[in-house]
Amino acid sequence: MMPKKRLLISFILVMLISACSLPGGMPTSSPMQPAAVQSQNSSDYFPLKKGAYWVYQGTVKWTKSNSSDVVEEEITWKMEVVQVIHRNDITGYEVHGAPWDLIWYQPGKEQSKHGFIQMGDKIYSVPLETVLRLLNEGDDLANLVTENNVFLDLPLEKGKKFCDPASLARSDNMYCSIVGEPTPFDAGHIKGVAPSTALLEYPIVYQTMPDVSWTYFVPGVGISHYFYHHNGTVSDVDVHLIEYSPGE
């Protein structure tokens, strides 16, 4: 009986050790991965923390007022988060400046004030007044956002489309944001981003009859490149991220 008893005890020990090595068993340590690569959380995906800023540099072209003359200028533009408002499961962001401010640029143009609303896995681009509704406890927030306001539908994946239902049903892909094939992103030229961090850049195209825009997005960093072209009267924007600061 003793050999059988020893055999049974050995078998039980083997089973216990095996269980600890399987998922749900004893935890094992693993290297930390950059949030920019691994995180699916929308607040990490587009890190809109108070004080965060992005600096863009590139060229703008525009047609002078009351003239057919086209002007091209090198420009540096800043986008900054100045206020974050939380209410239940909704987060609003007040942002000053954005690359699309540069559409129909004129000398002396100042930063515009923008709003973003984060709800679940979607981030909506809205007027600042919509974000400030979160401060009013008497506001039931009805019709706060619509699908036409979706700026990012996370996680980004090749072929994903986001827009209002009517545009989503179109067969020509017009008036919808469409995510393209991601490519490795070299952050070595961007101040504030570690060049060794493995990052992906997703192109997002939005095309209408009069114009087209390309917003390139790097999860964990933000907008890395913005391109806009108007098909008629000249208005072109082509700016790249040169500096990023994560804020608080």
Top-ranked residue of segment 93-134 - restricted to ones that are over 23 Å from LYS161 (Cα atoms) and of a type in the set (Gly, Ala, Ser), ranked as least open to solvent (accessible area, probe 1.4 Å): GLY97
Residue within segment 226-248 that is open to solvent by less than 30 Å² (accessible area, probe 1.4 Å), of a type outside the set (D, E, K, R) and part of a loop (DSSP other than H, G, I, E, B) present: no
Unique residue being touching a strand residue (DSSP E or B) at 6+ places or on another chain (Cβ under 8 Å) and either among the basic types (Lys, Arg) or in a helix (DSSP H, G or I) (or both) when the list is GLU74, GLU129: GLU129
LYS61 surrounded by 15 or more Cβ atoms within 10 Å (Cβ to Cβ) and either modelled with pLDDT under 95 or within 15 Å of VAL234 (Cα to Cα) (or both): yes
Qualifying residue in segment 196-210 (condition: modelled with pLDDT under 95, over 24 Å from VAL95 (Cβ atoms) and part of a loop (DSSP other than H, G, I, E, B)): yes
Failed criterion for ILE223 (all others in (1) on the phi > 0 side of the Ramachandran plot; (2) not in a loop (DSSP other than H, G, I, E, B) hold): (1)
Top-ranked residue of segment 20-50 - restricted to ones that are open to solvent by less than 30 Å² (accessible area, probe 1.4 Å) and in contact with a strand residue (DSSP E or B) (Cβ under 9 Å, 6 or more places away or on another chain), ranked as modelled with the lowest pLDDT: ALA36
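The values are calculated or read from the model by the stated rules, or taken from the named source; none is laboratory data. Computed from a predicted structure; not experimentally measured. All Cβ positions, even for glycine, are placed from backbone atoms using ideal geometry, and neighbour counts span all protein chains on display. Remember, those area values only see protein heavy atoms, side chains included, never the ligands or the DNA or RNA. Shrake-Rupley method; radii C 1.70, N 1.55, O 1.52, S 1.80 Å.
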